[in-house]
Amino acid sequence: MKSARRICVVGSANIDLTFRTPRFPQPGETLTGYSQHQGMGGKGANQAVAAARLGTDVTFIACVGNDAFGKAAIDAYEAEGIQTSVMRRAEDQPTGTAAILVDDHAENCIIVVAGANGRLNAEDVKAASSMIEQSDAVLCQLETPVVAAVEAFRLARTLDVLTVLTPAPAEHVTDQLLALCDVCVPNRLEISTLTGQPVETEADALRAAELLRERGVKRVALTMGGNGVFLLDDSGSAHISAIKVEAVDTTGAGDAFTAALTVSLVDGMTLTESARWASTVAAISVTRIGTQTAFPTLKEVNEWSPLKKNA
C-alpha cells in the first residue's frame with residue numbers, strides 16, 4: 001500500500017461511552033455492567049482515524065461543541081495526524097455523545113445524541129473546498145445533516161474525486177446523494193431500507209445491489225457480518241467470505257472496513273481486491289475491545305499472523 005494518498009472525511013464526531021454487560025436489558029430492567037470505557041467515536045471520526053492509521057493523509061470536516069469533550073476530540077484527532085483545521089466548534093450545542101452497550105456475544109446496540117453534529121452544514125463543506133480539491137476520495141456518512149454530504153459529493157464530482165458513502169442512518173439518504181455516489185457501503189438493514197428488498201440470500205443481495213445501481217450508485221459493497229461482503233460493479237458480482245476470528249467487540253468494524261476499502265480503492269486496487277484487504281482490517285478490529293482504539297495500523301495489518309498463514 002502506498003502512503004501518499006489523501007482522503008477527506010465529512011461526518012460525525014462523538015464521545016463514546018461504552019458499557020460491557022452480560023446481555024442487553026429488557027424494558028424497565030436494570031442490569032449491572034462490569035466495565036465502562038470512554039473513548040472517541042462517531043462514524044465520521046471512526047473512518048477518519050481508521051484511514052489515518054493505514055498511512056493515509058486525512059482531513060476531517062466536522063463540528064464539535066465548545067466544551068471539554070470537543071477539545072479532547074480535536075486533540076485526539078491531531079494526535080493521529082489528522083488535519084483538523086476545517087473543524088468547527090459550535091457555541092450552542094455540546095459535542096455529540098454515544099452510549100454503547102456490548103454484550104458477552106460481542107454484539108452491540110447504540111444510542112446517539114447528535115449535539116453539535118447537527119450543526120454541520122453545506123457552508124462548512126464549501127469553506128473546506130480546497131481540502132476536497134486536494135483529495136483522492138471523499139468519504140461521508142449521515143450522522144450529520146444530509147446537506148453537508150450532498151455538497152461534499154457535488155464538489156467532489158466536479159473535481160473527479162472518488163465519492164464513498166456509508167448510508168447510515170439509511171432513512172436520511174436522498175436520491176440526489178445516491179446519484180453522486182461512486183461507492184456505497186451499506187449493511188443488510190440499510191440496503192433493505194433503501195431498496196425495500198430484504199436480504200436473506202445471495203440472490204436477494206444481488207437484486208438489492210442492482211436496485212441501488214439503478215438509482216445512480218456505481219459500485220456496491222454490501223457488508224453482511226459473518227457472511228462476508230457482496231460486491232457489484234460494472235465487472236459483475238462477487239462474494240467475499242468473512243475472515244474467521246474470535247470477536248470480542250464488533251463496534252466500529254463497519255467503519256474500519258469502509259475506511260480501508262476507500263484507502264485501497266484510492267491506491268488502485270479493484271473492488272474485489274479492496275474488499276478482501278478491508279475485510280482483514282475489520283477482522284483485526286473486532287478482536288480488540290473499543291472503537292477507534294481497536295483500529296490497526298498499516299504495520300499491524302501487514303504483520304497480522306492469520307494473513308501470513310494465508311499468504
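The values are calculated or read from the model by the stated rules, or taken from the named source; none is laboratory data. Small disclaimer: the values here were computed from a predicted structure and weren't measured. Here Cβ is always computed from backbone atoms with ideal geometry, including for glycine, and neighbour counts include all displayed protein chains. Calculation scope for accessible area: heavy atoms of the full protein, side chains included, ligands and nucleic acids excluded. Shrake-Rupley method; radii C 1.70, N 1.55, O 1.52, S 1.80 Å.
Each residue in the range 213-239 was checked for being surrounded by fewer than 22 Cβ atoms within 10 Å (Cβ to Cβ) and free of Cβ contacts under 8 Å to residues at least 40 places away in the same chain, and 14 of them qualify. Just one of (1) under 22 Å from Asn108 (Cβ atoms); (2) modelled with pLDDT under 95 fails for Glu200. It is (1).
Selection of the range 1-21 for residues being part of a loop (DSSP other than H, G, I, E, B) and open to solvent by 60 Å² or more (accessible area, probe 1.4 Å) yields Met1, Lys2, Ser3, Ala4.
Mind listing just one residue for me: the one in the range 170-198 that is touching a residue at least 40 places away in the same chain (Cβ under 8 Å) and not in a helix (DSSP H, G or I) and, of those, nearest to the chain's Cα centre (by Cα)?
Taking the range 170-198 first, the residues touching a residue at least 40 places away in the same chain (Cβ under 8 Å) are 175, 183, 185, 187.
Right, trim to not in a helix (DSSP H, G or I) and you get 183, 185, 187.
Values: Val183: 13, Val185: 9, Asn187: 11 Å.
Result: Val185.
Tell me whether the range 56-64 contains one or more residues that are within 17 Å of Ala282 (Cβ to Cβ) and surrounded by 19 or more Cβ atoms within 10 Å (Cβ to Cβ). Yes, some residue in the range 56-64 is within 17 Å of Ala282 (Cβ to Cβ) and surrounded by 19 or more Cβ atoms within 10 Å (Cβ to Cβ).
The lone criterion from (1) of a type in the set (Val, Ile, Thr); (2) within 16 Å of Val9 (Cα to Cα); (3) modelled with pLDDT under 95 left unmet by Thr163 is number (3). Considering every residue within the range 222-238, establish whether at least one is part of a loop (DSSP other than H, G, I, E, B) and under 17 Å from Ile7 (Cβ atoms). No, the range 222-238 contains no residue that is part of a loop (DSSP other than H, G, I, E, B) and under 17 Å from Ile7 (Cβ atoms). Kindly indicate whether any position in the range 240-253 is more than 15 Å from the chain's Cα centre (by Cα), open to solvent by 10 Å² or more (accessible area, probe 1.4 Å) and under 17 Å from Thr163 (Cβ atoms). No, the range 240-253 has no match at all. With the requirement that a residue be closer than 18 Å to Ala152 by Cα and not polar (S, T, N, Q), what does the range 83-123 give you? Passing the criteria: Val86, Met87, Arg88, Gly118, Arg119, Leu120, Ala122, Glu123.
Quick grid of which residues meet (1) open to solvent by less than 10 Å² (accessible area, probe 1.4 Å); (2) of a type in the set (A, V, I, L, M):
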{"position": "Ala260", "(1), (2)": "yes, yes"}
{"position": "Thr272", "(1), (2)": "no, no"}
{"position": "Arg276", "(1), (2)": "no, no"}
{"position": "Val281", "(1), (2)": "yes, yes"}
{"position": "Ile284", "(1), (2)": "yes, yes"}
{"position": "Phe295", "(1), (2)": "yes, no"}
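The range 83-149 holds strands (runs of 3 or more DSSP E) entirely within its bounds, and those carrying 1 or more residues that are open to solvent by less than 40 Å² (accessible area, probe 1.4 Å), closer than 11 Å to Ser12 by Cα and touching a strand residue (DSSP E or B) at 6+ places or on another chain (Cβ under 8 Å) map to 96-102, 137-140. Pick from the range 26-51 the residues that are open to solvent by 50 Å² or more (accessible area, probe 1.4 Å) and in contact (Cβ under 8 Å) with a residue 40 or more places away in the chain: which of them is farthest from Ala283 (Cα to Cα)? Only one residue fits best here, namely His37.
Residues are listed down the side, and each one gets a yes or a no for (1) among the polar types (S, T, N, Q); (2) touching a residue at least 24 places away in the same chain (Cβ under 8 Å); (3) on the phi > 0 side of the Ramachandran plot; (4) in contact with a Pro (Cβ under 8 Å, 6 or more places away or on another chain):
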{"position": "Ala168", "(1), (2), (3), (4)": "no, yes, no, yes"}
{"position": "Glu200", "(1), (2), (3), (4)": "no, no, no, no"}
{"position": "Leu211", "(1), (2), (3), (4)": "no, no, no, no"}
{"position": "Ala242", "(1), (2), (3), (4)": "no, yes, no, no"}
